[in-house]
Amino acid sequence: MKKAGVVAITDDGHCVQNNELMRRAVEYAKMFQLPVLDHCQDYNLVADGVMNEGHWSAALGLRGWPTIGEDVIVARNILIAEQVDWHIHCQHISSARSVELIREGKKRGIKISGEVCPHHFTLTDECVKTYDTNYKMNPPLRTERDRDALWAGLADGTLEIIGSDHAPHCAHEKEVEFDFAPFGIIGLETELALSLELVRKKVLSLRSLIEKFTVNPARLLRLDEGTLSIGATANITIIDPEREWIYDVAQSASKSRNSPFHGWKFCGRALVTIVKGKIA
Ligand SMILES: [Zn+2]
């Protein structure tokens with residue numbers, strides 16, 4: 001797989017529950033210098049939870065997906081990364097405690113890192129009160145306290161990467177009761193605009209935000225990308241951070257429409273994408 005161009009391995013969607021198996025996987029990945037990307041979810045603790053466990057899950061009568069179901073796996077990953085001395089990257093982190101754990105682990109020099117999605121740093125579990133399944137994602141939207149911790153984690157560099165966790169689903173799949181809808185939303189077209197909000201709120205500098213979309217993920221995956229240096233591959237996005245626009249999901253380039261951000265007014269947009277020197 002490495003010869004074929006694989007740059008990392010991941011269990012996204014099926015978090016490895018057996019810690020011994022995870023340890024062996026990380027040991028093997030280390031032999032091939034491949035980072036391991038992990039979707040952090042303990043299936044016993046989460047069971048059939050559909051939204052964050054807390055005030056709103058109780059009020060709405062929906063089964064809870066507790067933050068500890070994420071935290072326990074983040075802690076497990078830190079211990080394995082330390083033991084094996086190899087890199088585990090925790091995907092789409094949503095809880096305050098997980099941010100703390102990663103911060104601590106990094107301070108101790110352990111090869112651990114974390115990522116966050118715009119929906120988690122923008123929305124909270126209160127949104128679910130509409131029962132709109134476009135607010136159902138995995139991990140789920142959390143509380144304001146968690147959201148604030150994600151901002152702090154982004155600001156101090158604990159969370160190095162912003163990812164969309166883009167998950168297209170057909171309308172007929174999402175147009176069912178909240179319990180039965182699949183997890184996930186589309187996010188590629190809105191992630192930049194939502195992230196630029198953090199620059200406007202002075203959580204992040206523009207420079208730091210751009211790093212989280214470019215050099216930081218490139219470093220994790222050991223790709224010679226994400227820079228404008230001479231001789232580098234011309235994979236470039238030209239953005240206008242001041243461009244105002246309204247997101248109309250019906251105009252999306254995706255075949256899917258499952259976004260909670262339909263109708264949102266945004267400031268900042270990608271104008272041109274250049275892939276290997278050609279405007280795409
Ligand atoms: Zn995932």
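The values are calculated or read from the model by the stated rules, or taken from the named source; none is laboratory data. Everything quoted here is computed from the prediction, not taken from an experiment. Positions of Cβ are generated from backbone atoms using ideal geometry, with glycine treated the same way; all protein chains shown enter the neighbour counts. Side chains included, ligands, DNA and RNA excluded: accessible areas come from the protein's heavy atoms. Shrake-Rupley method; radii C 1.70, N 1.55, O 1.52, S 1.80 Å.
Over the chain, what is the relative contact order in whole percent, taking alpha-carbon pairs under 8 Å and six or more residues apart?
14
Give me the tail of P(r) for segment 179-252 as a percent: Cα-Cα pairs with distance above 22 Å.
That tail contains 40 percent of the Cα-Cα pairs.
Please work out the Cα center distance from segment 132-196 to segment 25-91, rounded to the nearest Å.
Here the answer is 16 Å between Cα centres.
Would you work out if segment 241-280 is rounded, prolate or oblate? Take a ≥ b ≥ c from the square roots of the eigenvalues of the alpha-carbon gyration tensor; rounded if a/c is under 1.5, else prolate when a/b is larger than b/c, oblate otherwise.
oblate
Give or take rounding to whole Å, what are the principal axis extents of the alpha carbon atoms in segment 1-118, in descending order?
On the principal axes, segment 1-118 reaches 50, 31, 29 Å in Cα extent.
Rank these residues by their accessible area, most exposed first, probe 1.4 Å: MET1, MET31, MET22. Write down the numbers at each step before the final one.
Details: MET1 160, MET31 130, MET22 5 Å².
Largest to smallest exposure gives the sequence MET1, MET31, MET22.
Highest GNM mean-square fluctuation, the chain, Cα pairs closer than 10 Å: which of PRO168, PRO66, PRO118?
PRO168
Grab the beta carbon distance between LYS30 and SER229, set R0 = 30 Å, and tell me the FRET efficiency rounded to 0.05.
Step by step, r from the Cβ atoms, then E = 0.55.
Find how much the distance from ARG200 to ASN19 grows on full extension, using 0.36 nm per residue of separation minus their present alpha carbon separation; answer in nm with one decimal. List each step's numbers first, then the result.
Working: separation 181, 0.36 × 181 = 65.16 nm, distance 4.14 nm.
Gain on extension, ARG200 to ASN19, equals 61.0 nm.
Taking the Cα centre of segment 75-222 as origin and charging only Cβ (+1 Lys, Arg; -1 Asp, Glu), how large is the dipole, in debye to the nearest 20?
720
Could you work out how much longer the chain between ALA270 and ASN44 gets when fully extended? Use 0.36 nm per residue separation minus the Cα distance between them, nm to one decimal.
The ALA270-ASN44 span can extend by a further 77.2 nm.
Number of Lys pairs in segment 9-228 with C-alpha atoms less than 22 angstrom apart, excluding same-chain neighbours closer than eight positions?
Lysine pairs meeting the criterion: 10.
Taking 7 Å along the Cα-to-C-beta vector as the label spot, tell me the GLN251-ILE238 distance in nanometres, rounded to one decimal.
2.0
May I ask you to work out the translational diffusion coefficient for the chain at 25 °C, viscosity 0.890 mPa s, via Stokes-Einstein with Rh from the Kirkwood sum over Cα pairs, reported in whole µm²/s?
Result for D is 125 µm²/s.
Sort the following peptides by mean Cβ neighbour count (other Cβ atoms within 10 Å, averaged over residues), highest first: 175-182, 88-95, 139-146, 104-111.
Those peptides, ordered most packed to least, come out 88-95, 139-146, 104-111, 175-182.
Largest first and in whole Å, give the semi-axes of segment 38-175's equivalent ellipsoid, each being the square root of 5 times a Cα gyration tensor eigenvalue.
26, 15, 14
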